[in-house]
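All remarks here apply to the structure that follows.
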Amino acid sequence: QDGDLFPLPGVVDGETEVTLPQPMLKDMIAKTEFAIAQDDMREVLTGCYLEIKAGKATMVALDGYRMALVKNDVSDVESSLSAIIPGRAVGDIGKLLKDGQDDFCTLSFQQNRLHINLMGTDIYVVLVEGEYIDYRRILPTQFATVLKADLETLRRCVDRAALIAREGSNNLVKFRMEDGRLFIESNSEIGDVHEEMDAEQEGNDLTISFNVKYMLDVVRNIEAERVEMCFNTAVTPCVVTPEGNRDYLHL
């Protein structure tokens with residue numbers, strides 16, 4: 001076919017422009033993209049929210065049931081911006097980003113368009129329009145129970161519990177905290193799983209259940225030796241972070 005018929009990308013003059021390390025942006029995407037809503041009446045949730053302000057780059061994804069948030073220092077970036085990048089574009093961008101220390105990318109924003117220059121590859125994206133949910137308001141600030149545990153042990157316990165939970169109709173995994181021990185259980189028509197592990201507990205005993213898929217996403221994406229889980233009641237959100245690091249959290 002005649003190549004002249006192919007649509008050209010719109011020019012983005014770059015009203016706002018920032019330069020970020022490619023490995024940092026790739027890591028932020030990997031830690032949040034799984035929480036982007038796949039199909040939601042609220043279009044803003046089908047994208048990933050990027051905010052750069054006061055020397056911090058923040059990326060947030062939430063689907064109405066869980067949220068993933070990651071922050072990084074970008075003290076050399078003076079610009080302030082916020083944009084909602086479509087979920088499909090986020091995944092494609094993440095695949096093209098490199099891991100080299102000398103690899104950078106330039107993001108140019110103009111109204112509802114984004115141009116990303118990856119040192120040889122140009123990506124043009126139409127941004128999602130609308131006001132993103134105020135994620136700060138849904139983050140609890142006080143907790144009745146705090147649990148600290150070895151992440152690898154927790155990961156293996158949840159993996160084993162998921163084998164049974166996925167076969168059932170309720171898809172739930174139950175956490176029970178008592179006297180510095182964490183009990184992880186799942187049940188289905190084909191069997192039961194009961195796991196026990198050591199943990200440092202502060203506050204009240206608690207029993208709470210989660211969608212096992214969401215908990216798997218948490219333990220598989222956090223990279224740390226130990227994890228911190230913060231609870232209030234059995235029907236309020238749980239916040240999970242690497243121990244001592246609030247710059248990456250799941251709700």
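The values are calculated or read from the model by the stated rules, or taken from the named source; none is laboratory data. A quick note: this is a predicted structure, and the numbers were derived from the prediction, not measured. Cβ: placed from backbone, ideal geometry, glycine included. Neighbour counts: every protein chain shown. Side chains are part of the model used for accessible areas, which takes the heavy atoms of the whole protein and leaves out ligands, DNA and RNA. Shrake-Rupley method; radii C 1.70, N 1.55, O 1.52, S 1.80 Å.
Numbers below:
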| item | result |
| --- | --- |
| Flag if Arg137 is open to solvent by 70 Å² or more (accessible area, probe 1.4 Å) and within 24 Å of Glu223 (Cβ to Cβ) | no |
| Filtered residues of region 168-186 (kept if free of Cβ contacts under 8 Å to residues at least 24 places away in the same chain and more than 23 Å from Ala149 (Cα to Cα)) | Gly168, Ser169, Asn170 |
| Among the residues listed as Glu225, Glu189, Glu196, the single one being among the acidic types (Asp, Glu) and within 23 Å of Ala68 (Cα to Cα) | Glu225 |
| Test: residue in region 125-137 that is hydrophobic (A, V, I, L, M, F, W, C) and over 30 Å from Glu43 (Cβ atoms) | no |
| Unmet criterion (only one of (1) under 27 Å from Gln38 (Cβ atoms); (2) modelled with pLDDT of 95 or more) for Arg176 | (1) |
| Number of positions in region 150-182 that are open to solvent by 30 Å² or more (accessible area, probe 1.4 Å), closer than 15 Å to Met215 by Cβ and in a strand (DSSP E or B) | 3 |
| Residues that are farther than 15 Å from Lys26 by Cα and either aliphatic (A, V, I, L, M) or under 17 Å from the mean Cα position of the chain (by Cα) (or both), drawn from region 83-118 | Ala83, Ile84, Pro86, Leu114 |
| Some residue of region 74-85 being modelled with pLDDT of 95 or more, touching a helix residue (DSSP H, G or I) at 6+ places or on another chain (Cβ under 6 Å) and closer than 18 Å to Ile123 by Cα | yes |
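Let's see how each residue does on (1) small (Gly, Ala, Ser); (2) open to solvent by 30 Å² or more (accessible area, probe 1.4 Å); (3) touching a residue at least 12 places away in the same chain (Cβ under 8 Å); (4) not in a loop (DSSP other than H, G, I, E, B):
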| site | (1), (2), (3), (4) |
| --- | --- |
| His194 | no, yes, no, yes |
| Gln201 | no, yes, yes, yes |
| Arg220 | no, yes, yes, yes |
| Glu223 | no, yes, yes, no |
| Cys230 | no, no, yes, yes |
| Thr241 | no, no, yes, yes |
